[in-house]
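> Have a look at this one.
The values are calculated or read from the model by the stated rules, or taken from the named source; none is laboratory data. Keep in mind the model is a prediction, meaning the values are calculated, not measured. Backbone-built Cβ (ideal geometry, glycine too); neighbour counts: all protein chains shown.
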Amino acid sequence: MAQYRRVSGSVGLITLQNPPVNALSASVRQGIVDSVKRALGDQKVKSVVICGQNGVFCGGADIREFGRQMSGPPLVPMIHDIEAANKPVVAAIEGSALGGGLELALGCHYRISHSKAKLGLPEVTLGLLPAAGGTQRLPRLIGVPAALNLITTGRHVTAAEALQLGILDHVTEHNTVDVAVKFALSVTGESLDGRRISSFSCAPLSDLDSLFEEAMLKARALQYFFFAQRAVGRWSTPSGARWDTSQPRPVRKAAVIGLGTMGRGITVALAQAGLSVVAVETHAKQLMEAKKAVPSMLKRGAVRGGTTIEPDSITYSETVQAVADVDLVIEAVFEDMALKEKVFQQLSIVCKPDTLLCTNTSSLDVDHLASQTRHPELVVGMHFFAPAHVMKLLEVVYGRRSSPAAVATAMQLGKKMGKVSVAVGNCRGFAGNRMLKRYLEQAFFLLEEGATPELVDRALEEFGFPMGVFRMSDLSGLDVGWRVRKADGLADTSLTGTSARVRQGCRYSPLGDLLCEHGRFGQKTGRGWYQYDKPGGRVAKSDPWLHNFLDEYRARHGLVPRCIDQQEVLERCLFVLINEGFQILEEGIAAGPEDIDAIYVFGYGWPRHRGGPMFYADMVGLERVVERLERYHQAHPNVPYLQPSGLLRRLVANGSPPIHKWRNVIKNRNSQL
Ligand SMILES: C[C@H](O)[C@H](C)C(=O)SCCNC(=O)CCNC(=O)[C@H](O)C(C)(C)COP(=O)([O-])OP(=O)([O-])OC[C@H]1O[C@@H](n2cnc3c(N)ncnc32)[C@H](O)[C@@H]1OP(=O)([O-])[O-]
């Protein structure tokens, strides 16, 4: 239904009435048609306002009518008649203007909105197109690129963004209908020639084809990724263990050893999954802090997710003896092999003989830890990503001796915790961090060659990462990698001359080590690749000190800075990461490209609409990836990882099959081993 009345003497006010969101049902459409006719026929009425009752403009087509026989006046001519009216029509938007609701507003001559309203064309999420003029009027109003983005993503925009895009004429904090009525009075009698959107011409674009091509690619990437997420659940290992033949064990009670940042997050995630948890921390002060932090993290999570958590589902202890009766333990102590060895030896004595022992190491050798226990077949890695109770990714790392049941149990527990669990083999850094290492190295090399953190980050952020590599490194802390490099004997800044930039015959950049020596650990110290207003500050600002430091560093090493463009940043950083991904597939560390793509999208911020690194390689074209890698390897022969991997070359030799056929090429290779 629609209510019609005359207000302020000469304004015809049409109010859509169809609770709860004033959807455009047959009777609403009929009401609009009748009211518009009345308003246009009434000589006293000089202008019209259309609004919705109860603070909602219109939620679009009435979904309850989908699949039924069409009745009542059709939308398209109804909206067209509004646009063709010879009296100004103003849409007063409160709450939402979605789908057909926005299309109705686009038929009006003016759009005024409350600041809290949301607008959008969400049809794509229902498998539809905005067919009541949305695909025609929106590009004419705001240009093809912005319209294409709204139509293909279905995202809702705030009134502020809609104003900026040019969808709205005015945004108000006050009573929207009152403002619209006043506005309608003020435009009475004005010419409507420039207000009918369907008469606008679309701004010509020279690269229209590539714009559409890009939108198609995004759609393909999203479709691929939908299936990739599901494929990772059907895991397999090179030894023949599989998701459909391996029986997971029930896990009711779990323990976490070590209540630092990771341990606390894991404790929360386990409790949220409905398990009872024994949380162990041997340092009294750290234990006390965790006892305060964990319940408040749980409370915040419960508020967000609308769930309730049994407060007594977690028991705290200062001794490892407390884990004697649990089904599964996740060790999350400091990343130090000697310490972890000790913990695993202890666990092996204290726990029931069939308890699964998991390590949350991010790179240490799972096989070595397994060798410290009486039942190495019950040891697997569960590599969480910080913050562990929020991040979706879990790498389940199987060792040489891990039993299929152990892998299946960890995979199932991950799923129960709401994670996307990906099974990967045991190697330094597993899949995600191993690839990341190459990406980081290239970013450092680019700085040596003349780039700035700002330039590298901008290229990566424009590609779609939420944060570039240097901003990310500042957030996660530069000291973490420094500690690992020191343990590996790499971070030696006493070396001078050419040997300062070479390790084990390969190019090495000590830039990260040097920054750490200056106490620049990133956000936590208020200085890193950028500067922050205080330790713990979040807003990265360009730092002249850093630029000076880079100049001096280059001068000291005789490096002549050159101009580096965004394309080189992307190719150097991303192709080397992709190349390592192919190496990982070749070695059987990951079973298929979907596993790597899921790891990168869920764990490392790879933009989902680019499908993941392996899908991206397929999109770019494997031949091109090989050709660029070869070129960069020629220019940097002391960076062996720029050499295209054997699998990548073999795929190209096999005619670059599409990504869903790569497993066949990998399988053929493995069966020849
Ligand atoms: C021609 C044109 O080209 C094409 C063909 C189209 O237009 S296709 C249609 C496009 N429109 C949409 O996709 C909008 C979908 N709706 C929403 O995004 C949201 O609902 C909302 C508007 C942002 C409000 O969110 P909310 O969080 O405040 O409340 P809610 O709990 O979600 O919803 C509150 C109640 O409203 C009901 N509802 C919402 N939208 C509806 C709709 N379009 N039709 C019928 N009922 C609807 C919903 O089922 C729920 O009912 P109940 O459960 O209480 O009985």
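> For segment 499-539, which positions are among the basic types (Lys, Arg) and within 14 Å of LEU478 (Cα to Cα)? If you could, list the steps in order and put the result at the bottom.
Filtering segment 499-539 for residues among the basic types (Lys, Arg) gives 501, 503, 507, 520, 524, 527, 534, 538.
The answer is ARG520, LYS524, ARG527.
> Residues being at pLDDT 90 or above, surrounded by 15 or more Cβ atoms within 10 Å (Cβ to Cβ) and more than 21 Å from GLU449 (Cβ to Cβ): count how many of those fall in segment 477-517.
So the answer is 4.
> Something else: One residue is enough: does segment 611-620 have a residue meeting the conditions surrounded by fewer than 22 Cβ atoms within 10 Å (Cβ to Cβ), in contact (Cβ under 8 Å) with a residue 60 or more places away in the chain and over 26 Å from the mean Cα position of the chain (by Cα)? If you could, list the steps in order and put the result at the bottom.
Step one: of segment 611-620, the residues surrounded by fewer than 22 Cβ atoms within 10 Å (Cβ to Cβ) are 619-620.
Retained after the next criterion (residues that are in contact (Cβ under 8 Å) with a residue 60 or more places away in the chain): 619.
Applying the additional criterion that residues be over 26 Å from the mean Cα position of the chain (by Cα) yields none.
Checked against the condition, which is being surrounded by fewer than 22 Cβ atoms within 10 Å (Cβ to Cβ), in contact (Cβ under 8 Å) with a residue 60 or more places away in the chain and over 26 Å from the mean Cα position of the chain (by Cα), segment 611-620 yields no hits at all.
> Tell me which of these GLN229 doesn't satisfy, since it passes every other one: (1) assigned to a loop (DSSP other than H, G, I, E, B); (2) within 23 Å of the chain's Cα centre (by Cα); (3) among the polar types (S, T, N, Q).
(1)
> Cβ-Cβ under 9 Å, sequence separation 6+ or interchain: first residue in segment 138-161 and within 11 Å of ALA215 (Cα to Cα), partner away from the ligand (no atom under 14 Å from the Cβ) and among the basic types (Lys, Arg). Which pairs?
Partner pairs satisfying both residue conditions: THR152/LYS218; THR153/LYS218.
> Just to be sure I understand the filter: pairs with C-beta atoms under 7 Å, separated by 6 or more residues or on different chains, first member in segment 50-72 and under 15 Å from ALA159 (Cβ atoms) and modelled with pLDDT of 95 or more, second member within 8 Å of the ligand (Cβ to nearest atom) and among the hydroxyl-bearing types (Ser, Thr, Tyr). Which pairs pass?
Close Cβ pairs satisfying both conditions: VAL56/SER96; PHE57/SER96.
> Take VAL76 and tell me if it is in contact with a strand residue (DSSP E or B) (Cβ under 8 Å, 6 or more places away or on another chain) and among the β-branched types (Val, Ile, Thr). First the steps, then the outcome.
Working: in contact with a strand residue (DSSP E or B) (Cβ under 8 Å, 6 or more places away or on another chain): no; among the β-branched types (Val, Ile, Thr): yes.
No: the conditions fail for VAL76.
> Same structure, new question: Quick check, is ARG38 touching a strand residue (DSSP E or B) at 6+ places or on another chain (Cβ under 9 Å), more than 11 Å from the ligand (Cβ to nearest atom) and more than 22 Å from ARG195 (Cα to Cα)?
Details: touching a strand residue (DSSP E or B) at 6+ places or on another chain (Cβ under 9 Å): yes; more than 11 Å from the ligand (Cβ to nearest atom): yes; more than 22 Å from ARG195 (Cα to Cα): no.
Against the criterion (touching a strand residue (DSSP E or B) at 6+ places or on another chain (Cβ under 9 Å), more than 11 Å from the ligand (Cβ to nearest atom) and more than 22 Å from ARG195 (Cα to Cα)), ARG38 does not qualify.
> Can you tell me which of ALA459, ALA423, ALA451 is assigned to a helix (DSSP H, G or I) and modelled with pLDDT of 95 or more?
On the way: ALA423 fails: assigned to a helix (DSSP H, G or I); ALA451 fails: assigned to a helix (DSSP H, G or I).
Step by step, each of ALA459, ALA423, ALA451 is checked, and only ALA459 is assigned to a helix (DSSP H, G or I) and modelled with pLDDT of 95 or more.
> Now, a different point. Sort out for me the helices (runs of 4 or more DSSP H) sitting completely within segment 144-213 that have 1 or more residues that are in contact with a His (Cβ under 8 Å, 6 or more places away or on another chain) and more than 16 Å from the ligand (Cβ to nearest atom). First the steps, then the outcome.
Details: elements: 144-153, 159-165, 176-186.
So the answer is 159-165, 176-186.
Matching residues to (1) closer than 27 Å to LEU104 by Cβ; (2) exposed (fewer than 15 other Cβ atoms within 10 Å of the Cβ):
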position: HIS174; (1), (2): yes, yes
position: VAL177; (1), (2): yes, no
position: VAL181; (1), (2): yes, no
position: CYS202; (1), (2): yes, yes
position: ASP209; (1), (2): no, yes
position: ASP244; (1), (2): no, yes
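> Of the conditions (1) within 12 Å of the ligand (Cβ to nearest atom); (2) over 19 Å from ASP34 (Cα atoms); (3) in contact (Cβ under 8 Å) with a residue 40 or more places away in the chain; (4) not β-branched (Val, Ile, Thr), GLY101 fails just one. Which one is it?
Result: GLY101 fails condition (2) only.
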